[in-house]
Amino acid sequence: MYIVRVIGTLIIGLILIKITYHFKYSTFIFDLITFGGFLIIGVLFLMWSLFTDIKHFRSEKKIFLLLPVGLSIVFGSIVLIWNVQINTTFDKPTLVRIFYDGDYNGTGIDFKTDGSYIFNNSSLGLSEYRYGTYKINDNTIVIDQKNLEKVVLTNKLEIRTDTVAYLDHSVAHKYVYQIDKSGEILVNATIFRLIVDNRNKYFVINKKH
């Protein structure tokens, strides 16, 4: 049974590491369920090893008996550290966030205050992420890539205010357009809504410092 615990710990640990690594680039509801299932199994294997292998180690004093426990600690630490790093990246403060709602699919870009961005392309429960850097000057955002999943087709985006007329009133909304080198809006390119704009707050804080 010792061999079963070693092999089981190896298999479960490697699966959890693989899933965690892919969480940085994509998430799917079934991946979360799978991760939770293997995590529970991994905890059960750890408890089994703690109660069995440590007991045998105390009586036989053979260090290799602690291998399953050691592997569990190593794999658990890697999974924990990677999850913390991923969450830290997503939790960075947002400067500007834009989004396109396509009913069954959606595309968003979260521009962080540190000059990085997270591109999120989602469809029917699957979200795929890409990362990069950008520069912003007034209403113009320049990103480091000219093609993001065939949705963003230029490296230049521009925030513009458009007035939407309703029956009894009109409302000004901010949109983000894809533009070419001359500043012209790309025809048939995805238009985003500006849903978070912390530029005034962020720049005021910077000026105070």
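Once you reduce the stretch 81-96 and the stretch 1-75 to the center of their Cα atoms, the two points are 26 Å from each other.
Measuring r between the beta carbons of LYS24 and GLU158 and using R0 = 25 Å, the FRET efficiency lands at 0.25.
What the Cβ-Cβ distance of ASN83 and SER59 gives, at R0 = 30 Å and to the nearest 0.05, is a FRET efficiency of 0.25.
Per atom type, the chain shows carbon and sulfur on 62% of its accessible surface, probed at 1.4 Å.
Per DSSP H run of n ≥ 4, the term is -39500 (n - 2.57); total these for the chain, divide by its residue number, and report the mean residue ellipticity at 222 nm rounded to 500 deg cm²/dmol. Numbers along the way, then the final one.
Details: 4 runs with 88 residues, N = 209.
Helix-only estimate at 222 nm: -14500 deg cm²/dmol.
Here LYS18 is the anchor, and the lysines within straight C-alpha reach of less than 26 Å, apart from those fewer than 8 places off in the same chain, are LYS92. Rounded to the nearest 20, the size of the Cβ-charge dipole of the chain about its Cα centre is 860 debye, with Lys and Arg at +1 and Asp and Glu at -1.
What dipole magnitude, in Debye to the nearest 20, does the stretch 86-209 give about its Cα centre under +1 on Lys/Arg Cβ and -1 on Asp/Glu Cβ?
Working: 16 positive and 15 negative charges, 107 e Å.
The dipole of the stretch 86-209 has a size of about 520 debye.
Between VAL74, VAL164, VAL196, the GNM of the chain built on Cα springs shorter than 10 angstrom shows VAL164 fluctuating the most.
With unit charges on the beta carbons (Lys and Arg positive, Asp and Glu negative) and the dipole taken about the Cα centre of the chain, which residue among ALA172, PHE90, LEU186 sits farthest to the positive side? Towards the positive end, the residue furthest out is PHE90. Here the dipole of the stretch 1-125 is about 660 debye; that uses its Cα centre as origin and unit charges on the Cβ of Lys and Arg (positive) and Asp and Glu (negative). When Rg and the Kirkwood Rh are both derived from Cα coordinates, the Rg/Rh ratio for the chain amounts to 1.18.
Our estimate of slack between LYS146 and TYR166, defined as 0.36 nm per intervening residue step minus the Cα-Cα distance, is 3.6 nm. A simple spin-label model places the labels of ILE195 and LEU32 1.6 nm from each other, with each point 7 Å out along Cα-to-Cβ. Extension gain for LEU14-ASN137 works out to 39.8 nm (0.36 nm per residue, less the C-alpha to C-alpha distance). Considering only TYR104, GLY37, ASN120, and ranking their Cα positions along the charge dipole of the chain that arises from unit charges at the beta-carbon of Lys, Arg, Asp and Glu, the one farthest toward the positive end is GLY37.
The values are calculated or read from the model by the stated rules, or taken from the named source; none is laboratory data. Note that the structure is predicted; figures quoted are calculated from it, not measured. In this analysis, Cβ positions are derived from the backbone assuming ideal geometry, glycine residues included, and neighbour counts consider all displayed protein chains. Calculation scope for accessible area: heavy atoms of the full protein, side chains included, ligands and nucleic acids excluded. Shrake-Rupley method; radii C 1.70, N 1.55, O 1.52, S 1.80 Å.
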